[in-house]
């Protein structure tokens, strides 16, 4: 399996038999037209598939809470709220968190999660191998809350997202990480490759 980060909350997860794209976005500084998707997961109320390559309109889109199985991938779409919604006590602006399994690896994408993860949500998320967590941004978690949620979920690999440049350093400092692993793309050949003793933090380059 290969994980590519396109900036913001957008990732491509390429498995043996399927390719998933999460949150493609129109205002990207990078070109997404060459990104192919069999399944598109959308954490917010928008359709970003217009920025994907021709034929993406045939991809299966998931933007509603529930449990799905698409091309052999088990997907759980979990309702939650952004930071702005929680702080202003609004009823709109709901988001979706995703927990899904590709090539035997369980991944979780937290979108623009703004606050606590309750017990019911934790049960739906399951035992996470790779966690994609927001590291900056007004609408998402601050570094302290991100730290708490990372510890609660206890994944084997954490990939920060939704940040630019040195913004991620605040989260790394909060976590006590001084030398994170850096990769252009993250390739995982199987469960046996995942760290066992402690959580590993991986900073990905932004790829076109």
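The values are calculated or read from the model by the stated rules, or taken from the named source; none is laboratory data. In this text, all values refer to a predicted model and were calculated from it rather than measured experimentally. Note: ideal-geometry Cβ built from the backbone for every residue, glycine included; neighbour counts use all protein chains shown.
Only residues that are within 19 Å of residue 11 (Cβ to Cβ) and either in contact (Cβ under 8 Å) with a residue 60 or more places away in the chain or exposed (fewer than 12 other Cβ atoms within 10 Å of the Cβ) (or both) were counted across region 194-208, and they come to 6. For region 176-208, the candidate set comprises residues that are assigned to a strand (DSSP E or B) and more than 17 Å from residue 129 (Cα to Cα); within that set, the residue that is nearest to the chain's Cα centre (by Cα) is 206.
Looking at 152, 136, 140, 146, which one is in contact (Cβ under 8 Å) with a residue 12 or more places away in the chain and out of contact with any strand residue (DSSP E or B) (no Cβ under 9 Å at 6 or more places or on another chain)?
On the way: 136 fails: out of contact with any strand residue (DSSP E or B) (no Cβ under 9 Å at 6 or more places or on another chain); 140 fails: out of contact with any strand residue (DSSP E or B) (no Cβ under 9 Å at 6 or more places or on another chain); 146 fails: out of contact with any strand residue (DSSP E or B) (no Cβ under 9 Å at 6 or more places or on another chain).
Only one candidate qualifies: 152.
Residue-level check: of (1) over 23 Å from residue 118 (Cβ atoms); (2) surrounded by 18 or more Cβ atoms within 10 Å (Cβ to Cβ), residue 178 misses just (2). For region 153-174, the set of residues classified as closer than 30 Å to residue 104 by Cα and in a helix (DSSP H, G or I) consists of 153, 168, 171, 172, listed by residue number.
Only residues that are buried (at least 16 other Cβ atoms within 10 Å of the Cβ), assigned to a loop (DSSP other than H, G, I, E, B), at pLDDT 95 or above and touching a helix residue (DSSP H, G or I) at 6+ places or on another chain (Cβ under 8 Å) were counted across region 87-134, and they come to 3.
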